[in-house]
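Take a look at the structure below.
Each reported figure results from applying straightforward, stated rules to the coordinates on display, with no laboratory input. Predicted model only: the values in this text are computed from it and were never measured. Cβ sites come from the backbone with ideal geometry, for glycine too, and all protein chains shown count toward neighbours.
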Amino acid sequence: MTTSSSSDATAPAGTDGRRVAVVTGASSGIGEATAKVLAALGFHVVAVARRADRIQALSAEIGGTAVVADVTDDVAVAELVAQLPGPVSVLINNAGGAKGLAPVAEADLEHWRWMWETNVLGTLRVTRALLDKLIESGDGLIVTVTSIAAFETYDGGAGYTGAKHAQGALHRTLRGELLGKPVRLTEIAPGAVETEFSLVRFEGDQDRADKVYQGITPLVAEDVAEVIGFVASRPSHVDLDTIVIRPRDQAPHGRFNRQA
């Protein structure tokens, strides 16, 4: 997959003339891999996450900037924006996740609150806060990493699929609201990707997390990150609205080709 820079928009001071890309949830998985891909494409990457040690190490590796922030915290998001001295060319809304796999009748309300606060309101906070900077860049791009759960459902997943449906609706609505502005929007909807996702969902239960991917060859974070890099390097008139990425062993509606 060939990628190349697509804009000569002026970058903020202090970034050596490079265009700025903000990546949330950058401490691991898809976010970390995306930060590396974008840095290789010539962006100055602002890596945002709660785990300071991880994003500091990442930023040192790629020549970026680490900002410790929780997307569910209004003050932290405001402080993030205050640290960005100029326009932002790319925003990757990647922070999110799932907790639990309980049926609706046994739903844990705290799990639901966390999923909605992180996936939906977190995306809203960061996007709203950076919109002016993205428009100011003259060639902005918002990539929201949702999931196939943004348009499918499965037993036990109502909290997560509900949050991802809402996150997707937010993103798709913004596509129309920004029509005529110099900002492109792409929704990336991955299927099974082997990251920390299931480990977080099952509160550190490694055996249970491993069973999610047992018998299949899942995607890895780099697979998704490479596609995001391709999106970010398209010419400014090209908008890749929605991209669904699944492993070959996964079909829609929870069907897997599992080998014994």
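How big is the Cα convex hull of the stretch 12-136 in projection, averaged over all directions, in nm²?
Details: hull surface 31.2 nm².
That works out to 7.8 nm².
When a/c reaches 1.5 or more, the comparison of a/b and b/c decides; with that in mind, is the chain rounded, prolate or oblate per its Cα gyration tensor?
Because a/c hits 1.5 or more and a/b exceeds b/c, the chain counts as prolate.
If eta is 1.567 mPa s and T is 4 °C, what Stokes-Einstein diffusion coefficient results for the stretch 138-208, Kirkwood Rh from Cα pairs, in µm²/s?
Details: Rh = 13.7 Å.
The diffusion coefficient I find is 94 µm²/s.
Choose one answer from Ala163, Ala40, Ala225: the residue with the largest mean-square fluctuation in a GNM of the chain with alpha-carbon springs under 10 Å.
Answer for the Gaussian network model of the chain: Ala40.
Would you mind ranking Glu203, Glu136, Glu32 by Cβ crowding within 10 Å, fewest neighbours first? Mind dumping the intermediate values first?
Values: Glu203 11, Glu136 17, Glu32 25.
Taking fewest neighbouring Cβ atoms as first place, the list is Glu203, Glu136, Glu32.
Starting from the Kirkwood radius over alpha-carbon pairs of the stretch 76-201, derive D by Stokes-Einstein at 20 °C in a medium of 1.002 mPa s and give it in µm² s⁻¹.
On the way: Rh = 15.3 Å.
Reported coefficient: 140 µm²/s.
For the chain, modelled as a Gaussian network with Cα springs under 10 Å, which listed residue fluctuates most, Lys181, Lys99, Lys211?
Maximum fluctuation in the GNM of the chain, among the listed residues, is at Lys211.
Non-local amide H neighbours of Asn93 (under 5 Å, H modeled in plane, Pro and chain starts lacking H): which ones?
Val143, Thr144, Val145
Cross-link partners among lysines for Lys99, C-alpha distance below 25 Å, same-chain residues fewer than 8 apart left out?
Straight-line reach from Lys99, under 25 Å: Lys164, Lys211.
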